[in-house]
Amino acid sequence: MKKRLIVPFLSVSFLFLLSCSSIDPAPPKPIIDPIVYVEFPCPQKDNIYKIWPDTILLNNKGEFYGKLGDDIFDLKYEYTEFALGTCEGKLDLRNKAINSPLAWSVKTDEGGKREHIPTRSGVLYVKEVFLQKDIDRILKFKSEEEVDFEVALLNFNQDTIQHSTIKLIYNPDFKKEE
């Protein structure tokens with residue numbers, strides 16, 4: 001019985017001695033994964049969120065283009081979502097549940113109001129804000145005529161977090177330069 005215990009004991013002792021070192025190991029270096037965080041200037045000082053695109057161009061072919069400064073982006077009507085960025089200095093407000101947008105309410109330029117539109121991860125499709133009947137009506141406008149859509153972001157209580165405006169500019173001859 002003693003002989004059977006000696007072999008495992010010696011094996012464990014030998015492994016224990018090999019694992020010991022006279023040099024202290026260096027402490028592990030922390031892995032820093034910086035989070036890139038961008039805040040946006042907002043048109044109204046009480047806004048928490050910056051909706052992008054907030055200016056949209058529509059041509060006579062029914063093609064949508066988003067405008068950010070001098071940059072123009074293609075917007076696919078069926079697939080493009082409005083993005084929500086955080087306004088400058090509003091990070092702490094954005095992180096509160098009461099300020100999480102779970103639905104949007106849209107009011108058209110004609111005064112028509114849509115039912116609350118639920119969101120997926122706080123965003124909404126362009127096709128849910130601009131219905132086909134709105135596009136058909138706007139395509140009859142004069143060149144460079146603008147339409148404002150009032151948008152209210154709503155929280156879980158259906159309370160309004162903020163009001164914003166999305167401007168749609170009808171430019172019949174607009175074509176993005178390549």
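Computed values, structure above
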quantity: Per-region count, segment 57-107, residues in a loop (DSSP other than H, G, I, E, B), in contact with a strand residue (DSSP E or B) (Cβ under 6 Å, 6 or more places away or on another chain) and hydroxyl-bearing (Ser, Thr, Tyr); calculated: 1
quantity: Pairs, first touching a residue at least 60 places away in the same chain (Cβ under 8 Å) and surrounded by 10 or more Cβ atoms within 10 Å (Cβ to Cβ) in segment 28-53, second of a type in the set (A, V, I, L, M, F, W, C) and in a loop (DSSP other than H, G, I, E, B), C-beta under 9 Å, six or more apart; calculated: 48/42; 49/42
quantity: Some residue of segment 160-171 being hydroxyl-bearing (Ser, Thr, Tyr), at pLDDT 90 or above and surrounded by 17 or more Cβ atoms within 10 Å (Cβ to Cβ); calculated: yes
quantity: Selection within segment 33-59 - within 18 Å of residue 164 (Cβ to Cβ) and of a type in the set (Ser, Thr, Tyr); calculated: 49, 55
quantity: Of all residues in segment 125-141 being in a loop (DSSP other than H, G, I, E, B) and touching a residue at least 24 places away in the same chain (Cβ under 8 Å), the one that is surrounded by the most Cβ atoms within 10 Å (Cβ to Cβ); calculated: 130
quantity: Qualifying residue in segment 104-122 (condition: within 22 Å of residue 152 (Cβ to Cβ), touching a His at 6+ places or on another chain (Cβ under 8 Å) and surrounded by fewer than 18 Cβ atoms within 10 Å (Cβ to Cβ)); calculated: yes
quantity: Options 150, 78: the member that is surrounded by 13 or more Cβ atoms within 10 Å (Cβ to Cβ), of a type in the set (D, E, K, R) and in contact (Cβ under 8 Å) with a residue 24 or more places away in the chain; calculated: 150
quantity: Which numbered condition residue 153 misses (of (1) outside any loop (DSSP other than H, G, I, E, B); (2) more than 16 Å from the chain's Cα centre (by Cα)); calculated: (2)
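Residue-wise test of (1) of a type in the set (A, V, I, L, M, F, W, C); (2) over 20 Å from residue 43 (Cα atoms).
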position: 102; (1), (2): yes, yes
position: 110; (1), (2): no, yes
position: 113; (1), (2): no, yes
position: 139; (1), (2): yes, yes
position: 165; (1), (2): no, no
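The values are calculated or read from the model by the stated rules, or taken from the named source; none is laboratory data. Keep in mind the model is a prediction, meaning the values are calculated, not measured. A quick note on method: Cβ atoms are made from the backbone with ideal geometry, for glycine too, and the neighbour counts reach across all protein chains shown.
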